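The block underneath contains the structure these notes are about, expressed in structure tokens.
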There are 2 protein chains.
Amino acid sequence: MEQDIFKALADPTRRAIFEKLATGGMNASALREGMAISQPAMSQHLAVLRTARLVREERQGRFVNYEVDPDGLALIAQWLAKYRAYWPARIDALKDLLRDMDQ
Amino acid sequence: MEQDIFKALADPTRRAIFEKLATGGMNASALREGMAISQPAMSQHLAVLRTARLVREERQGRFVNYEVDPDGLALIAQWLAKYRAYWPARIDALKDLLRDMDQ
DNA sequence: GAAACACATAAGCATGCACTTATTTGATTC
DNA sequence: GAATCAAATAAGTGCATGCTTATGTGTTTC
């Protein structure tokens, strides 16, 4: 669970894939463009991200479209929330984030 | 950076150590109690957590006191904030967090 | 239904990593 | 300063993991 998520994010290539997907859903071939990664490697990374619920897939004919799965991000948020007692007084990024959520 | 943090948290033993430290700072020996882990292993794990800025140390005589370092948590929060477009509409844990921070 | 295409899976290999035992460093106590 | 204790480091080992090449599966097109 947390195990799968943190392990998935521990690999820089997978974080790059995730980051790219965050700009918009796309299929595995499109993901590979400009990424110096073999087709099987990409497929394996996507499987790891999918298991971690960081990414979800949807078959569209011959292609498989991938997109960010909010569930994984929510799990990280929950993990992080457990330690809120230790958060620095000011975290601007989060303040913005939470302001957005509150409206 | 993110690399160090996610790698550090990818190991279940290190997450357990971090979680224990979150209940209050303590030295390495106290951390080992009830944890079935050798002294060198604990020391190595703490070094990894320290490099990731998830934990910080303070020598106190013969002992070295460890405690949660807010910097690491802030880095995770910043990473998470980059993907706020994908957050589910409601994440209760974070709403609580917001309430805490806003008072 | 045969060829072409997108992707997944299998199997093998090299490197990384978490552990072990042994030793060293640093600090206290007598 | 010798003994003792807390913690760090060194060196070696077994297993996990990210890659590769080869092959399999599912879908479309002619």
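What follows draws every value from the coordinates through simple rules; no lab data is involved. As the structure is a prediction and not an experimental result, all values here were calculated from the model. Cβ: placed from backbone, ideal geometry, glycine included. Neighbour counts: every protein chain shown.
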Pairs of lysine residues in the protein assembly as shown - Cα separation under 19 Å, sequence separation of 8 or more or cross-chain: 10
- prompt: Taking the label point as lying 7 angstrom from Cα along the Cα-to-Cβ axis, what are the distances from B:Val64 to the corresponding position in the remaining copies, in ascending order and in nanometres?
  reply: 4.5
field: At 7 Å out from Cα toward Cβ: A:Gln39 inter-copy label distances (nm, ascending)
entry: 5.6
- prompt: Please state the equivalent ellipsoid semi-axes for the protein assembly as shown: what are the square roots of 5 times the Cα gyration tensor eigenvalues, largest first, in whole Å?
  reply: 33, 22, 13
Cβ-vector label at 7 Å, A:Gly25, separations to other copies in nm: 4.8
Average partner coverage of A:70-77, which counts Cβ from other chains inside 10 Å: 5
- request: State, as an integer percentage, the relative contact order of chain B based on alpha-carbon contacts under 8 Å between residues 6 or more apart.
  value: 27 percent
- prompt: Taking trypsin sites (Lys or Arg not before Pro) as exposed when DSSP calls them loop (any state but H, G, I, E, B) and at most 10 other Cβ atoms lie within 10 Å, what is the longest stretch of chain A free of them, the sites themselves excluded?
  reply: A:1-61
message: Along the charge dipole of chain A, pointing to its positive end and built from +1/-1 on Cβ of Lys, Arg, Asp and Glu, which listed residue (A:Pro12, A:Ser29, A:Gln60) has its Cα farthest out?
response: A:Pro12
query: Angle, helix B:39-51 long axis vs. longest principal axis of chain B, Cα atoms, 0 to 90°, nearest 10?
result: 40 degrees
query: Expressed as an acute angle from 0 to 90° and rounded to the nearest 10, what is the orientation of the C-alpha long axis of helix B:92-102 relative to the principal long axis of chain B?
result: 90 degrees
query: Can you give the net charge of the other residues whose Cβ lies under 13 Å from the Cβ of B:Ser29, counting K and R as +1 and D and E as -1?
result: +2
